[in-house]
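Just so it is clear, none of the values below were taken in a lab; they were calculated from the coordinates. Being a predicted model, the structure only gives us computed values, none of them experimental. Please note: Cβ atoms are built from the backbone with ideal geometry, for glycine as well, and neighbour counts cover all protein chains shown.
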Amino acid sequence: MSAANTTPDSRRIASTFTRLAGEGRKALIPYVTAGFPQADITPALMHAMVAAGADVIELGVPFSDPMADGPVIQKAGEAALAIGVGMAQVLAMVAEFRGQDTTTPVVLMGYANPVERYDLKHGAGAFVRDAAAAGVDGVLIVDYPPEECEAFAADLRAHGLDLIFLLAPTSTDARMAQVARVASGYVYYVSLKGVTGAGHLDTSAVEQMLPRIRQHVTVPVGVGFGIRDAQTAQAVGRTADAVVIGTRIIQLLEGQPREAALAAAGDFLRGIRAALDALPAPGPKAG
């Protein structure tokens, strides 16, 4: 792989959020499972999503026991695993994407097991080193609690990568403070209890929770889980810094041939982008 595309002094995630804030716009962050619906589609799908208005891409690393994912994303992960997509293949997809796009941030979202397996196979610290070399910008490990991964966070920072954490409706002030000590890039607020794709999103509850999160966390706050259409995305975008959408995109991709999948993702995200851009720009902050 080539030399790292990112340095600790010029992180793509931070610069993207800074640019969007200056433009008075909200970040659109789509999630897709690497290697779904076909093994070779992912780099092209990433480009199609950027062309449709995506600001950051969350790329799911397939894993056999994805405890936080609902049935739609679980099924996508199982399909990707069945055709041989693992961490090495995911990093190669990111490197291929970086051949044409050197500006859009890419975040790997997944679980501890594939990261630790990669290090066992390739040597201690290999995942962070190779992720940086591939052009990854951030990592969200669902089952890494903040109090147990300060060394991992430091290694990521040294390679110019951000460590992103989930917060939930059940998160205490103490947990938010723990996350604030090690998180960078952005935090991902899980707006529903349960797994991805579950339930009905209560946007008023999101509006009430975000000020509380911001009392502890200084990085941008993205909101996901339960956002399935432009109307909901716009409602969430009124208070969040970013809108994260995954399950609905996976549903649109399922069973589609390559060109139809690329078109479906692009068409859907263009509608979300238009809804977010229709929001009034925020006024100046007091003080």
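Would you mind computing, in nm to one decimal, how far apart the modelled labels at Asp143 and Ala82 are, each placed 7 Å from Cα along Cα→Cβ?
2.3 nm
Through the Karplus equation 6.51 cos²θ - 1.76 cosθ + 1.60, θ set to phi - 60°, convert the phi angles of segment 88-97 into ³J(HN,Hα) values in whole Hz; use x for Gly and Pro.
4, 5, 4, 5, 5, 5, 5, 4, 5, 4
Provide the per-residue ³J(HN,Hα) series for segment 267-275, in order, calculated from phi with Karplus coefficients 6.51, -1.76, 1.60 and θ = phi - 60°, each as a whole number of Hz, with x at glycine and proline positions.
4, 5, 5, 4, x, 5, 4, 4, 5
Please list 3J(HN,Hα) in residue order for segment 139-153, calculated via the Karplus relation 6.51 cos²θ - 1.76 cosθ + 1.60 where θ = phi - 60°; whole Hz, with x for glycine and proline.
9, 10, 9, 4, 9, 9, x, x, 6, 10, 9, 5, 5, 4, 4
Can you classify segment 1-122 as rounded, prolate or oblate using the Cα gyration tensor, where a ≥ b ≥ c are the square roots of its eigenvalues, rounded means a/c under 1.5, and otherwise it's prolate if a/b beats b/c and oblate if not?
Numbers: a/c = 1.77, a/b = 1.46, b/c = 1.21.
Verdict is prolate for segment 1-122.
Assuming 0.36 nm per residue, please report the length gained on full extension of the stretch Glu23 to Arg157 beyond their Cα-Cα distance.
Numbers: separation 134, 0.36 × 134 = 48.24 nm, distance 2.72 nm.
Full-extension gain reported as 45.5 nm.
Which is farthest toward the positive dipole end of the chain among Ala88, Gly123, Val179, measuring Cα position about the Cα centre, with Cβ charges +1 (Lys, Arg) and -1 (Asp, Glu)?
Working it through, the farthest residue towards the positive pole turns out to be Val179.
Mind jotting down the distance between the C-alpha centroids of segment 127-178 and segment 212-234, whole Å?
Cα centroid of segment 212-234 versus Cα centroid of segment 127-178: 18 Å apart.
State, in angstrom, two size descriptors of the chain derived from its alpha carbons: Rg to one decimal place and Dmax to the nearest whole number.
Cα only, the chain: 17.5, 55 Å (Rg, Dmax).
So if I place +1 on the C-beta of Lys and Arg and -1 on the C-beta of Asp and Glu, and nothing else carries charge, what would the dipole magnitude of the chain be about its Cα centre? I want it in debye, nearest 20. Don't skip to the end; give the middle numbers.
On the way: 23 positive and 29 negative charges, 125 e Å.
Dipole about the Cα centre, nearest 20: 600 debye.
Springs between alpha-carbon pairs under 10 angstrom, Gaussian network model over the chain: which of Pro211, Pro146, Pro62 fluctuates most?
Pro211
Taking amide H positions as placed 1.01 Å from N in the peptide plane, with prolines and chain starts having none, which residues 5 or more places from Ile245, or on another chain, fall under 5 Å of its amide H?
For Ile245, whose amide H was placed from the backbone, the distant partners under 5 Å are Ile29, Tyr31.
First select every other residue whose beta carbon is under 11 angstrom from the beta carbon of Asp143; then total the charges, Lys and Arg +1, Asp and Glu -1. The partial results should precede the final answer.
Details: positive: none; negative: Asp65, Glu116, Glu148.
With Lys, Arg at +1 and Asp, Glu at -1, the net is -3.
Ranking request for peptides 101-109, 176-184: highest mean number of other beta-carbon atoms within 10 Å first, then the rest in descending order. Can you show the working numbers first?
On the way: 101-109: 20.3, 176-184: 18.2.
Averaged packing, sorted descending, gives the order 101-109, 176-184.
What is the distance, in nm, between label points placed 7 Å from the Cα along the Cα-to-Cβ direction at Thr102 and at Asp173?
Using points 7 Å along Cα→Cβ, the separation is 4.7 nm.
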